[in-house]
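Asks: So that we are looking at the same thing, I have put the structure below in structure tokens.
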Amino acid sequence: AEPSRGPACAAGMVQQEPAGAPGLAAVGEAAAATAEVRLSRRRWAVVLLFSSYSLCNAFQWIQYGSINNVFVRFYGVSAFAIDWLSMSYMLTYIPLLFPVAWLLDKRGLRLIALAGSGLNALGAWVKLGSLKPHLFPITVLGQVICSLAQVFILGMPSHIASVWFGSREVSTACSIAVFGNQLGIAVGFLIPPVLVPNVEDVEKLAYQISIMFFMTAGVATALFILVIIVFKDKPPHPPSRAQALIQSRPAQEYSYMQSILRLLCNANFLLLMVTYGLNAGCFYALSTLLSRMVIHHYPGEEVNAGRIGLTIILSGMVGALIAGIWLDRTKTYKQTTLVVYIMSLVGMVVYTFTLSLGHLWVVFVTAGMLGFFMTGYLPLGFEFAAELTYPESEGTSSGLLNVSAQIFGIAFTISQGQIMDHFGTKAGNLFLCSFLLLGTVMTAFIKADLRRQQANLDNEQTVIRSGERSEGPRSSSAPTGCSGR
């Protein structure tokens, strides 16, 4: 039966049962209330390792787009063909999300981590077979394999944070997990223009590209080996009461398809899914086309174009960390998300009208402001979704957010590229501004139904009441049962 949606059932654990049968929900809640909650020291190694192989995968996403003109000349293909190397990440994610989310729920985090890091390393090695101008199909194959790896990576931050981290550090952990992806994009903007200069000699160009590909393959392989050694499905003890409640749920109670249907019937989550897709889609389009935009106004500035991309991502990482710490302290998910969305719109408008002024330092400043809010929004969306959809799997809710982002990312990248070709960069950026405005308005209509926070609060109160009952009259002078380690 469909779980109750009333406030007393925020955890979604109430179901109809046969007459006379013991209440599965009551059993689960009782087990969660008495479960030992303890933080694992391994949690930091897990999140940092995940962040590292996510970094490597994100680097491979943008390594072509950040020097688009160099690869256009080396392979003798169109700029649109090179753009598709980035968009392949978006395209493969959409049909594969649900099988991967199902695997996560059925087989656990370790298998997903092994698949993501392993495919990432394999794709990096395949690219080493594409160091001749006529071997463009080989580099496409390598990129497609890396895009498959991304399906096992992109929706994991909120899941790792919830499974491994306590309620007071879960948003910060999610931000750190997202950090890796953002830092990988930053490195992807910075390193390729330095390692692969725009030289005329094709042989020298192939040699420079081979250095970049070999370095990437070596790092990806080392990270895969570390994943084999370090990663586990979950810690020995649940890190929070909300996680204890999920782990105490009987296996027969969970249905993956019903979970998806419940998410798609959650009006607040649907609004967030669309608004997240609009914001992230704008970010994907901006990242893919940034080099073309900057070089159009500042010819010969390939290295600075990469540095501008680096500025966007690094400032966004600072924004994401600040947002994560702020959420852990205040739990103001709706208000924070709305403010960051508004400032993303403001930053995009300012960037649009300053790009063509002829001063690169101005572009650096406005791009940094834009990145602080637009990139900083990404972990906010994951954590807000986890709150709105508890106790559904964070991998499923994050995956649906990312499907929305990929769909809008493909649409925006193709549309903005065509608009730029026919009407200029300002028109293309105004196109993105209009959708950020729409997303801001829609965000204002999301209700802050913080189910995960309510579950933690309810379970803490249950433990306190249990302690008071067990201690009887002496409870007023003795420590309560919830103070324990």
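The values are calculated or read from the model by the stated rules, or taken from the named source; none is laboratory data. For clarity, every value in this text was computed on a predicted model and none was experimentally measured. As a convention, Cβ positions derive from the backbone with ideal geometry for all residues, glycine included, and neighbour counts pool all protein chains shown. Accessible surface is based on the protein model in full, side chains and every heavy atom, while ligands, DNA and RNA are left aside. Shrake-Rupley method; radii C 1.70, N 1.55, O 1.52, S 1.80 Å.
Asks: Report whether or not Ile176 is closer than 21 Å to Ser315 by Cβ, open to solvent by 10 Å² or more (accessible area, probe 1.4 Å) and in contact (Cβ under 8 Å) with a residue 12 or more places away in the chain.
Replies: Criteria met by Ile176.
Asks: Now a separate question. Just one of the numbered conditions (1) surrounded by fewer than 16 Cβ atoms within 10 Å (Cβ to Cβ); (2) more than 30 Å from Pro197 (Cα to Cα) is not true of Pro299; which one?
Replies: With (1) surrounded by fewer than 16 Cβ atoms within 10 Å (Cβ to Cβ); (2) more than 30 Å from Pro197 (Cα to Cα) applied to Pro299, the lone miss is (2).
Asks: What tally of residues in the range 192-236 results from selecting those that are open to solvent by 10 Å² or more (accessible area, probe 1.4 Å), assigned to a loop (DSSP other than H, G, I, E, B) and either under 21 Å from Ile112 (Cβ atoms) or not assigned by the TED database to the domain that holds Gly166 (or both)?
Replies: Qualifying residue count, the range 192-236: 4.
Asks: For Leu278, work out the one condition from (1) open to solvent by 10 Å² or more (accessible area, probe 1.4 Å); (2) at pLDDT 85 or above; (3) within 22 Å of the chain's Cα centre (by Cα); (4) of a type outside the set (Val, Ile, Thr) it doesn't fulfil.
Replies: Unmet condition: (1).
Asks: Just one of Val339, Val294, Val350, Val303 is more than 24 Å from the chain's Cα centre (by Cα), free of Cβ contacts under 8 Å to residues at least 24 places away in the same chain and in a helix (DSSP H, G or I); which is it?
Replies: None of the others qualify; the one that does is Val350.
Asks: Kindly provide the set of residues from the range 349-367 that are open to solvent by less than 10 Å² (accessible area, probe 1.4 Å) and of a type in the set (Gly, Ala, Ser), ordered by number.
Replies: Ala367, the sole residue that qualifies.
Asks: Yes or no: Asn402 surrounded by 23 or more Cβ atoms within 10 Å (Cβ to Cβ) and at pLDDT 90 or above? Step through it out loud before you land on a result.
Replies: Details: surrounded by 23 or more Cβ atoms within 10 Å (Cβ to Cβ): yes; at pLDDT 90 or above: no.
Spelling it out, it is not the case that Asn402 is surrounded by 23 or more Cβ atoms within 10 Å (Cβ to Cβ) and at pLDDT 90 or above.
Asks: May I ask you to verify whether Ser393 is more than 18 Å from Ser315 (Cα to Cα) and open to solvent by 20 Å² or more (accessible area, probe 1.4 Å)?
Replies: For Ser393, the condition - more than 18 Å from Ser315 (Cα to Cα) and open to solvent by 20 Å² or more (accessible area, probe 1.4 Å) - is not met.
Residues are listed down the side, and each one gets a yes or a no for (1) outside the structural domain of Ile94 (by the TED database); (2) open to solvent by 10 Å² or more (accessible area, probe 1.4 Å); (3) among the aliphatic types (A, V, I, L, M):
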position	(1), (2), (3)
Ile410	yes, yes, yes
Gly417	yes, no, no
Gly424	yes, yes, no
Phe431	yes, yes, no
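Asks: Just one of the numbered conditions (1) part of a helix (DSSP H, G or I); (2) of a type outside the set (Asp, Glu); (3) under 15 Å from Leu278 (Cβ atoms); (4) touching a residue at least 60 places away in the same chain (Cβ under 8 Å) is not true of Val441; which one?
Replies: In the conditions (1) part of a helix (DSSP H, G or I); (2) of a type outside the set (Asp, Glu); (3) under 15 Å from Leu278 (Cβ atoms); (4) touching a residue at least 60 places away in the same chain (Cβ under 8 Å), Val441 misses (4) alone.
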